[in-house]
1. Give the distance, in whole Å, between the Cα centre of segment 71-106 and the Cα centre of segment 152-180.
2. What is the distance, in nm, between label points placed 7 Å from the Cα along the Cα-to-Cβ direction at residue 258 and at residue 163?
3. Hey, what angle do you get for helix 71-86 against the long axis of the chain, alpha-carbon based, 0 to 90 degrees rounded to 10?
4. Tell me, in nm to one decimal, what length is gained between residue 85 and residue 31 on full extension, where the rule is 0.36 nm per residue of separation less the Cα-Cα distance?
5. Taking the 0 to 90 degree range and rounding to the nearest ten, how far is the long axis of helix 320-337 tilted relative to the main principal axis of the chain, both from C-alpha atoms?
6. For segment 46-170, what is the relative contact order in percent, using Cα pairs closer than 8 Å and at least 6 residues apart in sequence?
7. What angle do you read, to the nearest 10 degrees and between 0 and 90, between the alpha-carbon axis of helix 286-303 and the longest principal axis of the chain?
8. Taking R0 as 25 Å, what's the FRET efficiency between residue 188 and residue 332 from their Cβ-Cβ distance, rounded to 0.05?
């Protein structure tokens, strides 16, 4: 593995976070909690309560990974979130703040970092074992896609075979991240998987590409119990929003054996198609997208290896056992892509 070197996040100290808050007119009360996030640095920060009020107030600050997105790409994410809120889709969107220095904006800069501030929203992970919960989530995903289909991203990339497949394969091979004794086997398995994936995508035909959440796994959906304000799901973290097929936002909610996935997919689409029809050809892409995510995940780890939290939290990355496991999974996925698609 390439040696780790100093990373910009090492300069993101608590003082810098608090100073960033002050730069947009927010007075912190000293409470600062780092939230779980590998891609960016995210903090919950307490605010001083207004005079005469004892309520504990808090916001969430996200410091974007340097060099990942341009300002234009981040602002497209924020604009999409604002569109969703206008359409009354329950999405946590950045606040518009100015700090008294000019026009209000959702994107700010301080200490060499781009950052945003969002309201704190509570909730728990959804109970995906419940078909009723899946149906409810399906309805809200349809609403996201109704808005997402209105126009295209201009600056954000697409999720496709090139960006999540071929580009990632080349990055890993050119960067020599694989042990020599397994590199050729991984390259062969990856190439065969991408060839099968490409054939299936071509057979699916002209699939509509729209603005997506992009990373709609259960951890990015917070659930508020019935009887509470805003009961039901609300969505967080549009950091991976891209153009792509609608099924991308559905398949990551499927798990278990094929019979279980069929039942889960049926419940999701029962909700989804109350508002928006899903092109059934996209079901053929589920295993293709799962394969691309597998390849992209390894490239994602490789690109972030200089960040000190990655060697600490992913010490197995780069080992022979890790890459042999990837070879085995790519072979399995190549077989899975050639089995009959799920039917709903």
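1. 28 Å
2. About 3.2 nm, to one decimal.
3. Approximately 80 degrees, to the nearest 10.
4. On the way: separation 54, 0.36 × 54 = 19.44 nm, distance 2.84 nm.
Residue separation times 0.36 nm, minus the Cα-Cα distance, leaves 16.6 nm.
5. Here the helix axis deviates by roughly 70 degrees.
6. Numbers: 105 pairs, mean separation 31.4, N = 125.
Normalised by residue count, the contact order of segment 46-170 is 25 percent.
7. 60 degrees
8. Details: r = 15 Å, r/R0 = 0.59.
It comes out at approximately 0.95.
Throughout, read-outs are computed from the coordinates displayed, never taken from laboratory work. None of these values were measured; they are calculated from a predicted model. As a convention, Cβ positions derive from the backbone with ideal geometry for all residues, glycine included, and neighbour counts pool all protein chains shown.
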